[in-house]
Every structure is written in C-alpha cells, then in structure tokens.
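Shown next, in structure tokens, is the structure this report addresses.
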Amino acid sequence: MEDIRLVRPEEHAAAAKLADLVFRDADHKSMGDAYPNAFSPSLSQSYGVFVDGDIVSFVGFVPAVIRIGEAELNVYSIGAVCTHPDYRGKGYISIILDRIREHALKAEAPVILVSGSRSLYLRFGCRVFGDATSFVIDRQAADKLTGEAQLAGAKLRPMAETDWFRLKRLAEKREVRYEMSVWDIASLIHAAPTASNGKLDHRVWVAERDGQAEAFAVISVPGAVKPKGSPALIEWAGDPALAAALIAHGATEGGVESIRAVVPRQEAAFAETLRQAGCASSEGKLSGTAAVIDSRMLLKQLAPYLNSVYSGAYGKLRFDMAGPDTYIVEADGRVLELSCDSFVKLVFDRGGAEEAAGGETPDSLRTLFPIPFPYTAGLNYV
C-alpha cells in the first residue's frame, strides 16, 4: 500500500538513512546531521512516500524568512530529494512536488528554492536566477588581503565559545539575509550542510579592532578525511575588507592554495575588495533554482522594500497569475503577459526588466527590479 504524506516525527531517522543510502559513503557526514532542518521532527515539513509502512522516497522541505531591506519574504527550500533504487521511475517525486506547491501556498510562501536544476524541477516552474560573481582568492591575493587588514589594526582570530552574540549582531546588520537566531547560526555551523557534501569542515574566523568584533567568516576547508570538494566561502558578515581578510587568512591557515567566494550582486563593496586584491573572477548565477508560485503574494510581501526604494511603488504595480506558467505584470499603466522564464528574470536578474518589457521599460520596473537576494548555498543551503 502506498501512502504519500508529511513525514512523522518518529520517521525522520528512517528518512535520513534513505538519504544516506542515495547520497553518502562511509566518509560522509550523515544527511540527518548535515541537514537538521530537512530531517527535523520539530518542523515536520518534509514529505515522503511510504510503501507498506517503509519510506521509499523523500523530499526535504524547509521554511525560512529572507529579509530584503524592510521586507520579510517567506520561502521554502527543497533538498535531499531521493528515492530508493528499487522504487525509481514511478513518478513519486512529481506527486510530492504537487503536494509541496499546495503546502507552500497555504503557508503563504510565494517562492520555492531548489538546490538542483533537473528537468523535473524545470517542469515545476524552477529557473536559474540571480546575479553573482565567483572569485578565486589565491595565495598572492590572500597575502595582500591579510596584510592590509593587519596594517589597519585588525586582529584575525578563530571564533571563541563566547562569540555567538557577536556573530548574530553582525549577521543582523546585513540588509539582505536569511533571518537566523543564535541557535540557527550555531546549529548550521555545526551541521555544515554545503561543506559536508564535499567532505569538508567548517572553520569560523572573527576580525577584531579596538576590542570590537567587526566581521566574521565561515569557510569550508579539508579536515580529517580526503576531500571531495573545493574550499569555499560559506557565510560572512560585517566589514567587507575585514571579512575578505578573514577568508584569506582562514584559507592560508587551513593549508589550501586557493578558496572560492561567490558574491551576490548587492554585495558590491565586498566584490570590489576582492577585485582590488587581484582575485580572478567570473560572472554567474546564484546556486540552484527558484520558482515563484504566487506572484500576487510575492508582490505583497516585497511591498515594504519596494516602497523604500521607490515611494508609492506598490500602488503602481500589479502582479497576477493567468495560469501556472503565465504571469501578468501591470506597471505604470502597461500590462505585460510573461512566461515563467521572463518573470523570474524580471524579478531576480540584471536586465530582466528590459527583456520583459520588450521595448520601452516602465520606470517602476526599471527602478525596482531585480530585487537583491542572499547567497543560497551558504549556511541555509538545503
């Protein structure tokens, strides 16, 4: 007998074992430990397919609040998607995705983020999105960044057990961020979701000046087992120059020759610091894909941010849905009918407003979009 439903609290351990069977080997951290929110008996948001009482398919489904200026955007993230090898080809994940869409709508979450870009997710409405620049900090750039910070009187040190409030304070100063409590930060640093995929460990560094913590950085570097992935920046906050120095210093202390940092479009000062240090760069997108499942709800939740950028903007715009893959945008009296591709580009991508308008772009669209968005493969990666 098949049963497709939310995973119950007592079933999450079995779900984690299934995910480990599909994704992990003996040297990997268990998926249950690396993705505590996806396998959380407390949240109980993830879905599974059960055959005769045994879980055979699983979709991790994790809620989060993203702060964009004065706006709070409700999102869900999908990850740890897996099916037992003996039960593949039955369309279980597609059925779960339909349930997930309804779940997110009832929860008033207009955006769903997915860690992958399979055709299955594209049919669901997901698209690659956002603008980001990928930098490589090599030893030469690392020496320059570290030296400049030390000349400026900064002390670069490993995180101490008494730093949790400092990390939270710095994180909350970011205009664009995932909302995280002290417990969230600590849990996700310990879990190392992105890092664990590549058999890497987290290291946390703090920059102090005049006795005050002014930046922190979480990086992934090789640990006790042979790594499968490459060192990378996971999360940072605070003074951009000091954060860049922490990444460089942490990489050097971790014995790596280079480390990658993906920088979203709005983090211009951080990107410029890395450019000035001579870091090689390439343009790309944020990690994974995004689906907008309710454009009206999205516009309503973004209203505080939009009005702070362009006074009265919310009253000048209308978003609507003419179907699951057709979006209506009314701006400055002009009505546009957009495909899923065009709408996601309008909201998240540089040049998306001009492409969507296909001619003279309404002032409100040009001024307000794309919206800034946090890095999706940091601590909150699912």
| request: Just name one of 71, 59, 96: the one whose Cα is farthest towards the positive end of the charge dipole of the chain (beta-carbon charges, Lys/Arg +1, Asp/Glu -1). | output: 59
| request: With a point put 7 Å past each Cα toward its Cβ, work out how far residue 224 is from residue 107 in nm, to one decimal. | output: 3.4
| Rounded, prolate or oblate: which one fits region 80-206, using the alpha carbon gyration tensor with axes a ≥ b ≥ c (rounded when a/c is under 1.5, else prolate when a/b beats b/c, else oblate)? | prolate
| How big is the charge dipole of region 2-109 about its Cα centre, in debye rounded to the nearest 20, if each Lys and Arg gets +1 on its Cβ and each Asp and Glu gets -1 on its Cβ? | 180
| task | Taking the Cα centre of the chain as origin, work out the dipole magnitude from +1 charges on Lys and Arg Cβ and -1 charges on Asp and Glu Cβ, in debye rounded to 20. | result | 240
| query | Percent relative contact order of region 293-368, based on C-alpha pairs within less than 8 angstrom and at least six residues apart? | reply | 23
| lysines within cross-link reach of residue 316: Cα-Cα under 21 Å, excluding same-chain residues under 8 positions apart? | 300, 345
| Under a straight-distance cross-link criterion of Cα-Cα below 18 Å, which aspartates and glutamates are reachable from residue 155, leaving out those fewer than 8 residues away in the same chain? | 143, 163, 208, 210, 214, 239, 253
| query | Once the mean 1/r over all distinct Cα pairs of the chain is inverted, what Kirkwood radius in angstroms do you read off? | reply | 21.9
| remark: CD proxy, 222 nm, the chain: helix-only mean residue ellipticity via -39,500 (n - 2.57) per DSSP H run with n ≥ 4, per residue, nearest 500, stands at -10000 deg cm²/dmol
| Tell me which lysines have Cα within less than 19 Å of residue 226's Cα, excluding those fewer than 8 residues away on the same chain? | 29, 199
| Mean-position separation - Cα centroids, region 317-332 and region 41-68, in angstrom | 30
| task | Sort 368-379, 3-14, 185-196 for me by packing, meaning the mean count of neighbouring Cβ atoms within 10 Å per residue, highest on top. | result | 368-379, 185-196, 3-14
| request: Enumerate the helices in the chain for which the Kyte-Doolittle hydropathy averages 1.0 or more and the C-alpha atoms extend at least 15 Å along the helix's axis, using complete DSSP H runs. | output: 12-23
| said: Projecting each Cα onto the charge dipole of the chain (Lys/Arg +1, Asp/Glu -1 at the beta carbon, about the Cα centre), which of 22, 194, 259 comes out farthest on the positive side? | reply: 259
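Where a number appears in this text, it was derived from the coordinates with a stated rule and is not lab data. Predicted model, so just to flag it, every value in this text is computed and none were measured. Cβ: placed from backbone, ideal geometry, glycine included. Neighbour counts: every protein chain shown.
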